Amino acid sequence: MAQSHDPRAVRTRLKLIDAFGRLASSGSPDDITVSALTDAAGVHRSVFYKHFASPDDLATHMLRDLFSALSGADVVMRGQLAVSGIEASRNAMSDLIRFVGARRAVYASLLGPSAPAGAVQSVTDAFAEFTARALDQMAARPSDVDPQMVSRFLAHGVVGVVGRWLSDPQSSLSHDQVVEQLLQCFPGWLTSPSPSIDTEHTNPTPPHTPSTRQRK
């Protein structure tokens, strides 16, 4: 659904997002209805449908915003800050797991085995889109690696694993353990312990200067 950038529309959308966050952190998915969201946000029910098609659409929108932020942060960490691949990947996965874990019941119903038709695909597509953007700018990516193919592989894997973990009440894995298990599945060049260096933005190697003994 197209999003308006009118200040009033943005404020209303933020109210609905905030209301969703509060309800998702304390209630069950069945409690997160359009009526509950609009009551919590203090807006009319009809206004909701100007921004989102359903509560699931709002939940997916929040994940899409998260993926966008994680993608941008990953580029900065690997490039400008020269953070190692493993730490940049761990940071992104930790933020993702913390986000959905804090809203476990809601995202279990959206990403788990009983998810609504199209919901998992929509989230997977968003993950792949923003991952591809980050891979396109990654200096450590081997030249023969296709960002689109790798991003699709990672998206299906990460979303699938996270959905199963969220929907399994018997899972003994902690947030950190889920993160580490995901990292074990990433390509080695993506989780290199050495910082990624963007050679286009680093200083060139200075020319060789003859030693004193070589000077005549």
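Using only Cα atoms, locate the centre of segment 160-175 and the centre of segment 73-141, then give the distance between them in Å, rounded to an integer.
Each part's Cα centre sits 16 Å from the other's.
Kindly provide the helix-only [θ] at 222 nm of the chain, computed as the sum of -39,500 (n - 2.57) over DSSP H runs of four or more divided by all residues, to the nearest 500 deg cm²/dmol?
After summing the helix terms and dividing by residue count, I get -19500 deg cm²/dmol.
When only C-alpha pairs under 8 Å and at least 6 residues apart count, what is the relative contact order of the chain, in percent? Write out the running numbers ahead of the final one.
Details: 219 pairs, mean separation 53.5, N = 216.
This gives 25 percent for the chain.
Ranked by Cβ crowding within 10 angstrom, fewest neighbours first, how are Lys50, Lys15 ordered?
Numbers: Lys50 14, Lys15 18.
With the fewest neighbours first, Lys50, Lys15 line up as Lys50, Lys15.
Going by how many other beta carbons lie within 10 Å of each one, how would you line up Tyr107, Tyr49, fewest first?
Fewest-to-most Cβ neighbours within 10 Å comes out as Tyr49, Tyr107.
Along the charge dipole of segment 1-139, pointing to its positive end and built from +1/-1 on Cβ of Lys, Arg, Asp and Glu, which listed residue (Ser89, Leu37, Ser68) has its Cα farthest out?
Going by the Cα projections, it comes out as Leu37.
Just so you know, all these numbers are worked out from the coordinates, no wet-lab data involved. None of the values given here were measured: they were computed from a predicted structure. Here Cβ is always computed from backbone atoms with ideal geometry, including for glycine, and neighbour counts include all displayed protein chains.
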